[in-house]
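Some notes on the structure that comes next.
The values are calculated or read from the model by the stated rules, or taken from the named source; none is laboratory data. Predicted model only: the values in this text are computed from it and were never measured. Backbone-built Cβ (ideal geometry, glycine too); neighbour counts: all protein chains shown. Surface areas here come from the heavy atoms of the whole protein model, side chains and all, with no ligands, DNA or RNA. Shrake-Rupley method; radii C 1.70, N 1.55, O 1.52, S 1.80 Å.
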Amino acid sequence: MIIFNKKSFILALMIFLTLGLLAACGGGDDTSSEGEGSGDTEESSDSEESSDSGSDSGDAEFEEDTWRFVTEEVEGQVQYVYAEEFGKRISEKTNGAITVETYEFGGLGSETDQVDQLMQGTVEMAVMSPGFTGNMVDEGQLFALQFLFPTDQATTQEILNNSEALNTDLREQYEEHSITPLAYWSEGAMQWTSNDHPLKTPEDFENFQMRVQTSPLIMESYKKYGADPQEMSWGELYTALDRGTVEGQENPIFFIGDASFHEVQDYLTMSNHNNYVAMTTVNTEWFNGLDEELQTIVEETVTEMQDWVFEEQKAQNEEYLEVIKNDEENPTDVVELTDEEVETFREQAKEVREFYRNEVSTVDGAILDKLEEEIAEYTE
């Protein structure tokens, strides 16, 4: 005969009910591990967009690795903060396994040094300007063509995002040199600065010592105006402007202000003659060697960053225009071109497109032709 002890029965019943309740809730271990992989930390709240889109890597395991990401600018400037934000998002999506080391200009050499390092795989990633690859990828010089893209920055960025001529055809040209452009984006419209007189007509460029990037087409553009273009790294530019070695230069407003070029220049001409296009690039062999999930994470993050960097460059260019206008110690006259003045430059600039087709392009201008058709679809 079995004798039930009342206290023992009640204790057993309580244990049974408790175990049943835990089972109904799914237990504690699985819920805890899901939370750790969700990236719901204070740091991830700074980049909410990265957790709202992209591949579900919360449960994935990644081997620890470090990627080197070089830029042509210094801490605080658009390229540098872009690389920092990119690294933050990659770390979140890989649960901290991947560290992206950001290098500012000069940390690993000049702009052309950085191109070589990416080609050789010494670094994995780089933000670079096509102007510094002009002697390597001839077709990339098309970004030097003045008055090619619309003056509206949002429209230009949309073209850069979606252009088949750039994201397929031009990309293939770079990949022949072990460089894969994953995205093109604008750091803002280019403006002219000068001493002695503002640059308002092609005649104002006559015998003018203009600093340019390493691109034969950029040099040809200024020769068409009658200028004397001088190739020079931007690290030497402030001193050269101060000493009169060169008389002027071109850059987006944020760069002019942050690099203090306006301190040694009398005039800022709002020409909007071009866009400072940057490329998010990777070493081709390294990228192709990543597993498929990591490739997807990189590509999705680059896509997410397109809207982010557009707003960042917009904010910096607006901020530094006010800095330049209100610098009482180093006054700089800000000059606006009239529609007639712009049209005069535009007509001369069109002649350089034929030079590009006949003397620069290795595909008879096919990529430029396609790009012009794409631009027309956005502007007509």
- Query: Summing Lys, Arg as +1 and Asp, Glu as -1, what charge do residues with Cβ under 12 Å from the Cβ of residue 253 carry, residue 253 excluded?
  - Reply: -4
- Item | Per-residue HN-Hα couplings for segment 196-210 [Karplus 6.51, -1.76, 1.60; θ = phi - 60°; Hz; x = Gly/Pro] | 6, 8, x, 9, 10, 9, x, 5, 5, 8, 4, 6, 7, 7, 9
- Report, to two decimal places, the Cα Rg of segment 92-166 normalised by 2.2 N^0.38 Å (N = number of residues). 1.39
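Carbon-plus-sulfur fraction of the accessible area of segment 310-351, 1.4 Å probe, in percent?
Looking at segment 310-351 in its full context, I get 43 percent from C and S.
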- Which net charge results when you count Lys and Arg as +1 and Asp and Glu as -1 among the other residues whose beta-carbon is under 12 Å from that of residue 222? -4
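If the convex hull of the alpha-carbon atoms of segment 311-359 is projected onto planes in all directions, what is the mean projected area in square nanometres? Write down the numbers at each step before the final one.
Working: hull surface 23.6 nm².
With every direction weighted equally, the projected area is 5.9 nm².
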- Among 189, 159, 133, whose Cα lies farthest out toward the positive end of the dipole of segment 133-254, if unit charges sit on the beta carbon of Lys, Arg (+1) and Asp, Glu (-1)? 189
- Item | Over 32 Å (Cα to Cα) - which of 88/314; 314/350; 88/325; 88/370; 88/223 fall in this group | 88/325; 88/370; 88/223
- Percent RCO, i.e. relative contact order, over segment 102-157, from Cα pairs under 8 Å lying at least 6 residues apart: 20
- Message: Quick query: amide H of residue 179 versus all other amide H atoms, modeled in the peptide plane; which residues come in under 5 Å with a sequence gap of 5 or more or a different chain?
- Response: 284
- Send over the semi-axes of segment 237-380's equivalent ellipsoid, whole angstrom and largest first, taken as the square roots of 5 times the C-alpha gyration tensor eigenvalues. 33, 25, 17
- Solvent-accessible heavy-atom area per residue, rounded to whole Å², over segment 233-347 at 1.4 Å: 45
- Query: Which of the peptides 109-116, 245-252, 360-367 is most tightly packed, and how do the rest follow, judged by the mean count of other Cβ atoms within 10 Å per residue?
  - Reply: 245-252, 109-116, 360-367
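I need the peptides 149-156, 123-130, 61-68 ranked by packing, meaning the mean over residues of other C-beta atoms within 10 angstrom, with the highest value on top. List each step's numbers first, then the result.
Working: 149-156: 16.2, 123-130: 24.4, 61-68: 12.9.
So the peptides 149-156, 123-130, 61-68, ranked by packing, come out 123-130, 149-156, 61-68.
Can you tell me the order of 324-330, 172-178 when each peptide is scored by its average per-residue count of other Cβ atoms within 10 angstrom, highest first?
Listed from highest to lowest mean packing, they are 172-178, 324-330.
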- Message: Tell me the Rg and the Dmax, in Å, that the Cα atoms of segment 240-294 produce.
- Response: 18.5, 53
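Probe of 1.4 angstrom, ligands and nucleic acids ignored: what's the accessible area per residue over segment 123-208, in square angstrom?
Working: 2520 Å² over 86 residues.
Here the residues of segment 123-208 average 29 Å² of exposed surface.
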- Query: Could you state the number of Å between the C-alpha centres of segment 257-303 and segment 354-370?
  - Reply: 24
- Task: Multiply the residue gap between residue 238 and residue 196 by 0.36 nm, knock off their C-alpha separation, and tell me the result in nm, one decimal place.
- Result: 13.5 nm
